[in-house]
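Presented below is the structure to which this report refers.
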Amino acid sequence: MTNLKEIQEKVNYDKLFDCVQCGYCLPACPTYETMERETHSPRGRINLVKMVAEGKAEVEDLRNPIEKCLGCMACMTVCPTNVEYNLIFEGAKEVIEDHDVKPAALKKTEDFIFNSLFPSSNWMGSIGNAAWIYQKSGLQKAAQTTHLTALALHAGRFERVMPDLPSPIERILRKRRVLPDYKLRTTVAFFTGCVMDAMFFKTNQNTVELLRLSGAEVLMPKGQTCCGALHSHAGKAESARELAMRNIEAFDLEDVDYIVNNAGGCGAKMTEYPQLFEENTTWHERAKEFAAKVRDISEVLVELDGLTFTQPVQRLVTYQPSCHLTNIRRICDEPRMLLHAVPGILVKELERPDFCCGSAGIYNLVNYDESMKILDLKMMDVKERKTNTIITTNPGCLLQMKLGIERHGLEGEIEAVHLVDLLMEAGPSAK
Ligand code: SF4
Ligand code: SF4
């Protein structure tokens, strides 16, 4: 059991006082909208965390409100006092995790998922899709005898919306260094991501090609691993720290201008690496240097401005931004600038683009019903735009939007596409 002092340290107790309980964040919070409870709003959650940190409420009282939080951080963008809800949220998750007494089978399964599966490129690469993971690894069986039953059940729904996966040969033949045809303008390292590389390998290959055409030498450091976002959001700070160290080590071996990713959630986590280490330590300094180089693909393509698009794309498009790209990285304009650069395309903004789609890491697996309520609101917005394509910038959002299309019977009418794949469709060539 953790004592009060430890709880206060983990939840960043001093930062709780930045919240003046004004309630400006309430309209921005998807779970407050769908659950209609103060305890499931940012303000209510912060208040509860404070009560637990002061010994006025039990950790157990925190569990449901925090576990139902998407971690979308929309509340941070509207808060007049700049409450660092991300730190409070992850600290609260850690406290809950510390107090969790789990059955041995569940703990074993969780350990496998977080410590062996996501960090292993071999596992992720060869497994290829979540359904296969559940069937072949024995996880499905383990999950069915534990509290992960619901998770296994809902993973099956995602099986139907899996993208086309590459053959093992394509993965093996991938080059770890590519050079531009013409003038070399920059050298970058590409962060492949775990889910991104397993499920959206072709999007990763397209990302490398767009960088190359823009004049970048692209390196793919071998020792890289999962970014740790899922671990942080599950309260597994120590595992997240270990993954961060492995990534910092792997990318330190290359002398590059940027570390590029195409997954909004991973990019945000990697810019938060310094928060995982104590200030004034060597690892904190190394994490700061690493984080300063992290860029989303859209930022780099706009900065290099090295592409022309030769193929008109007759699509009516709407854009569903990744919450973490928008709310943590504050990258809003660059993806839209690239969309508008594609000839033939017509872009219609969602009424509420900054409203989470309900994916949120594995939220849609562990909180399926709550996630679907949020997704249904998103799909109503999509349908009202009368577009035929939803563009996203994160693998979780992409799968969730595909699920939304299927759930609302819109297959054949609407398609969900990663921004990078759309740009490749537009016949990019070097300027
Ligand atoms: S988190 Fe910010 S916006 Fe929300 S109640 Fe607190 S101070 Fe107000
Ligand atoms: S992170 Fe998102 S779901 Fe959680 S309190 Fe903030 S706005 Fe609400």
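The values are calculated or read from the model by the stated rules, or taken from the named source; none is laboratory data. Since the model is a prediction, treat every value here as computed from it, not as a measurement. A quick note on method: Cβ atoms are made from the backbone with ideal geometry, for glycine too, and the neighbour counts reach across all protein chains shown.
Taking the criterion of being part of a helix (DSSP H, G or I) and surrounded by fewer than 21 Cβ atoms within 10 Å (Cβ to Cβ), the residues of the stretch 340-369 that qualify are 340, 341, 365, 366, 368, 369. Screening residue 335 against (1) in contact with a strand residue (DSSP E or B) (Cβ under 8 Å, 6 or more places away or on another chain); (2) in a helix (DSSP H, G or I); (3) not assigned by TED's automatic domain parsing to the domain that holds residue 394 leaves a single unmet condition, (3).
Restricting the stretch 393-415 to residues that are outside any helix (DSSP H, G or I) and surrounded by 24 or more Cβ atoms within 10 Å (Cβ to Cβ) leaves a set whose member that is nearest to the chain's Cα centre (by Cα) is 394. Residues that are part of a helix (DSSP H, G or I), hydrophobic (A, V, I, L, M, F, W, C) and under 22 Å from residue 170 (Cβ atoms) within the stretch 199-247 comprise 199, 201, 208, 210, 211, 213, listed in sequence order. Contact map, the stretch 11-37: first residue over 17 Å from residue 90 (Cβ atoms) and among the aromatic types (Phe, Trp, Tyr), second residue near ligand 1 (Cβ under 10 Å from one of its atoms) and modelled with pLDDT of 95 or more, Cβ cut-off under 7 Å, separation 6 or more or different chains; pairs are 24/78; 24/79; 24/80; 32/26; 32/41. In the stretch 18-54, the qualifying residues are those that are part of a loop (DSSP other than H, G, I, E, B) and more than 10 Å from ligand 1 (Cβ to nearest atom), and the one that is surrounded by the fewest Cβ atoms within 10 Å (Cβ to Cβ) is 36. Within the set 242, 209, 249, 254, the sole residue that is under 28 Å from residue 365 (Cα atoms) and surrounded by fewer than 20 Cβ atoms within 10 Å (Cβ to Cβ) turns out to be 242. Screening 66, 88 for residues that are among the aliphatic types (A, V, I, L, M) and either farther than 26 Å from residue 320 by Cβ or away from ligand 2 (no atom under 14 Å from the Cβ) (or both) leaves exactly one candidate, 88.
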